[in-house]
1. Of the residues 158, 152, 169, 209, which is within 23 Å of the chain's Cα centre (by Cα), surrounded by fewer than 16 Cβ atoms within 10 Å (Cβ to Cβ) and free of Cβ contacts under 8 Å to residues at least 40 places away in the same chain?
2. Just checking, which of 217, 269 is assigned to a loop (DSSP other than H, G, I, E, B), closer than 30 Å to residue 338 by Cβ and within 13 Å of the chain's Cα centre (by Cα)?
3. Six or more apart or on different chains, Cβ atoms under 9 Å: show the pairs whose first residue is in region 224-245 and at positive phi and whose second is in a loop (DSSP other than H, G, I, E, B) and surrounded by fewer than 21 Cβ atoms within 10 Å (Cβ to Cβ).
4. Give the residues of region 192-206 that are touching a strand residue (DSSP E or B) at 6+ places or on another chain (Cβ under 6 Å), within 17 Å of residue 115 (Cβ to Cβ) and either free of Cβ contacts under 8 Å to residues at least 24 places away in the same chain or part of a loop (DSSP other than H, G, I, E, B) (or both), sorted by residue number.
5. Restricting to region 172-202, give me the number of residues that are surrounded by 16 or more Cβ atoms within 10 Å (Cβ to Cβ) and under 22 Å from residue 267 (Cα atoms).
6. Among (1) touching a strand residue (DSSP E or B) at 6+ places or on another chain (Cβ under 7 Å); (2) modelled with pLDDT of 95 or more; (3) surrounded by 20 or more Cβ atoms within 10 Å (Cβ to Cβ); (4) assigned to a loop (DSSP other than H, G, I, E, B), there is one condition residue 236 misses while meeting the rest; what is its number?
7. For region 33-66, which residues satisfy the criterion of being touching a strand residue (DSSP E or B) at 6+ places or on another chain (Cβ under 8 Å), surrounded by 11 or more Cβ atoms within 10 Å (Cβ to Cβ) and part of a loop (DSSP other than H, G, I, E, B)?
8. For region 178-191: of the residues being closer than 17 Å to residue 148 by Cα and outside any strand (DSSP E or B), which is nearest to the chain's Cα centre (by Cα)?
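The values are calculated or read from the model by the stated rules, or taken from the named source; none is laboratory data. Predicted, not measured: the structure shown is a model, and the values here were computed from it. Cβ: placed from backbone, ideal geometry, glycine included. Neighbour counts: every protein chain shown.
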């Protein structure tokens, strides 16, 4: 078990060097107030991170069960039960514009969340497992004047992506790189590792149900808003996953490639480690918006996380945009959560 402390430095929340705590119980001599990160590990168990905020003079009891390593699917992290700060502390016009809730303490139970957004490679595996009629219904497609995306499978062979982020269209088949002519970095990428987009809330829900039904990810489902926001910000009041400001290359948003019309477009998942969350989850700022389920009990679709075309403000972790379940947009994708199964031991 180790303990690290978050401190604010230049707009980022920076972790101190880890301090080993061994196996003995913690008391007030071990832990000072502030925003902390506990990392717990044991042989045969999945490593678990637990961000926690401790106020001055507060005593906190933490009971954290480490799941067997085999109970956490590859590419997922286990989030233990715990509390966090939910919403936005800003009052007035900004909070209203982002439709964020007032900042308040909240809790979630245990859940699993994918480190990365669902990719085109993931989605193509899903499509190939579907009957032809459903495959046609679930194939990503979105056509707007300024954003076009279409995934096609000519004659049932290799898939091909058509992407028009702004003024120029790009095509690439499976095995080919997609190239952005307006970029000085990350100009050629494997589009199969782009986050899938132009899928509806209904599509994403069906995909999660397929993961659960086939045993690929038992208990798979879309994340609730509270689960998504806790995974993005940890326990404290940070604005973005990595801190209180978002530099151009911290995530894929409008300023990342200089707002060049030939530079806009998605990046491979995990391409911006500077904005990894305290739980080690990537791309919860920028790249594509992610479908979540509303926190008010109505189970309505809500978009979270910002996109490669929007400004940094839309990537604020508390930003939320209610939507309708049939929307398909080149800026909207998904991330999977799951309900943990009972421990196998």
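1. 209
2. Answer to the check: 269.
3. Final answer for the pair search is 243/10; 243/11.
4. 196
5. Selection size over region 172-202: 20.
6. That leaves (3) as the condition not met.
7. If the condition is that a residue be touching a strand residue (DSSP E or B) at 6+ places or on another chain (Cβ under 8 Å), surrounded by 11 or more Cβ atoms within 10 Å (Cβ to Cβ) and part of a loop (DSSP other than H, G, I, E, B), then 33, 41, 46, 47, 60, 62, 64, 66 are the ones that fit.
8. Restricting to residues being closer than 17 Å to residue 148 by Cα and outside any strand (DSSP E or B), the top hit is 191.
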